[in-house]
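All remarks here apply to the structure that follows.
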Amino acid sequence: MSSSSSSPSPLLTLQGAVAAEGPDDGVAAHYGDLFKEQRALADGTGFVDLSHRGVVTVTGDDRLTWLHLLLTQHMTELAPGQATEALILSANGHIEQALQLVDDGTAVWMHTEPGKQGELVAYLDSMRFFYRVEVADRTDEFALVHVPAGSIAELPTDTAAVRETPYGRDVFLPRTTLKDFAESHAPAIGLLAYEALRVEAHRPRLGWETDHRTIPHEVGWIGSAVHLEKGCYRGQETVARVQNLGKPPRRLVFLHLDGSEVRVPVHGDAVRLADGGVEGRKIGFITTSARHHELGPIALALIKRNVPLDTPLIVGDDATAAAQEEVVAP
């Protein structure tokens, strides 16, 4: 997982702010009350500071045609204001970038994982050739905030772009206006609440639900981020082969965890079989875990594809009991 390279958010000075750690450093993990913040987000109030994420733009007359050749998503007919997501794959079909995109009619705006924007810009620049496009890292100029679905709050007039999804609006705004936005769109909600609702919705995240060998089929990105009826992008052969001839070696699952345990498992903790003659055999690992305001402790995990859905599992050194819910079919 990459670490953020941008400066710490000015919103870390808000009352109660506790800084996130690891790849999400630079923004608030919470503002003092995790479950209250989750409920607010679920109810469509407040906003989440995602200003540590990388912001990149592609401009020029050929931007959609050109991106169509490089990304897993169908881009040539993307309408202004239409949100989409796409991946960049290695030659072997492994996921290298996960992009959240919107075209505003003159530019494609995208955000990516903290610290990944430099790598993204370098790759895109290397593929420009004769196309009329310009690629720019806009992270120092523009910040991302998330306004939840159901919010009736009006966006400021200096908003650069808005990416509207079923989960809410990703808003690109001048970084210098973050504090003003916070004052007019309170309450501020920390990243832990945002992540808990992401886990509940079974949505994968690059660097958490993926490792160096993850392919799109394993984590459920087929359809939402990978268009199966377009050609010519790096890694397409792997996608087509798995789609037509086989099954992925692993699959993403949602786990309900035993709520009596004090400790919630962390990224990388082993998932093992809980019974049978091979009790304790490792079959996967935790990708993201959370304490949910209604569901209790929950997690996403990447496990071996052929483990039946009703198989009892245990997680981590504490042998926390876990029950599966399907994300990617066995």
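Against the list (1) outside any loop (DSSP other than H, G, I, E, B); (2) closer than 27 Å to Glu200 by Cβ; (3) open to solvent by less than 10 Å² (accessible area, probe 1.4 Å), the condition Val162 fails is (3).
Among the listed residues Phe181, Phe172, Phe254, which satisfies the condition of being in a strand (DSSP E or B), out of contact with any Asp or Glu (no Cβ under 8 Å at 6 or more places or on another chain) and either of a type outside the set (Gly, Ala, Ser) or buried (at least 21 other Cβ atoms within 10 Å of the Cβ) (or both)?
On the way: Phe181 fails: in a strand (DSSP E or B); Phe254 fails: out of contact with any Asp or Glu (no Cβ under 8 Å at 6 or more places or on another chain).
Selected residue: Phe172, the only one of Phe181, Phe172, Phe254 that is in a strand (DSSP E or B), out of contact with any Asp or Glu (no Cβ under 8 Å at 6 or more places or on another chain) and either of a type outside the set (Gly, Ala, Ser) or buried (at least 21 other Cβ atoms within 10 Å of the Cβ) (or both).
When segment 224-251 is filtered for residues that are touching a residue at least 24 places away in the same chain (Cβ under 8 Å) and open to solvent by less than 40 Å² (accessible area, probe 1.4 Å), the ones remaining, listed by number, are Ala225, Val226, Lys230, Tyr233, Gly235, Thr238, Val239, Val242, Pro248, Arg250, Arg251.
Among the residues of segment 113-126, are any among the aromatic types (Phe, Trp, Tyr), open to solvent by 70 Å² or more (accessible area, probe 1.4 Å) and outside any strand (DSSP E or B)? There is no residue in segment 113-126 that is among the aromatic types (Phe, Trp, Tyr), open to solvent by 70 Å² or more (accessible area, probe 1.4 Å) and outside any strand (DSSP E or B). The condition (being in a helix (DSSP H, G or I), surrounded by fewer than 23 Cβ atoms within 10 Å (Cβ to Cβ) and out of contact with any helix residue (DSSP H, G or I) (no Cβ under 6 Å at 6 or more places or on another chain)) is satisfied by just one residue among Thr84, Thr57, Thr45, Thr65: Thr65.
The criterion of at least 1 residues that are open to solvent by less than 70 Å² (accessible area, probe 1.4 Å) and in contact (Cβ under 8 Å) with a residue 60 or more places away in the chain is met by the following strands (runs of 3 or more DSSP E) wholly inside segment 262-330: 282-292, 296-304, 313-315, 320-326. Would segment 8-20 turn up any residue that is outside any helix (DSSP H, G or I), in contact with a helix residue (DSSP H, G or I) (Cβ under 8 Å, 6 or more places away or on another chain), aliphatic (A, V, I, L, M) and crowded, with 20+ Cβ neighbours inside 10 Å? Yes.
Quick check on segment 231-281: of everything there that is β-branched (Val, Ile, Thr) and under 25 Å from the mean Cα position of the chain (by Cα), which residue is farthest from Ala86 (Cα to Cα)?
Here the answer is Val264.
The values are calculated or read from the model by the stated rules, or taken from the named source; none is laboratory data. Just so you know, these numbers come straight off a predicted model, no measurement behind them. Don't worry about glycine lacking a Cβ; one is built from the backbone with ideal geometry, like all the others, and counts go over all protein chains shown. The area values use the complete protein model at the heavy-atom level, side chains included, leaving out ligands, DNA and RNA. Shrake-Rupley method; radii C 1.70, N 1.55, O 1.52, S 1.80 Å.
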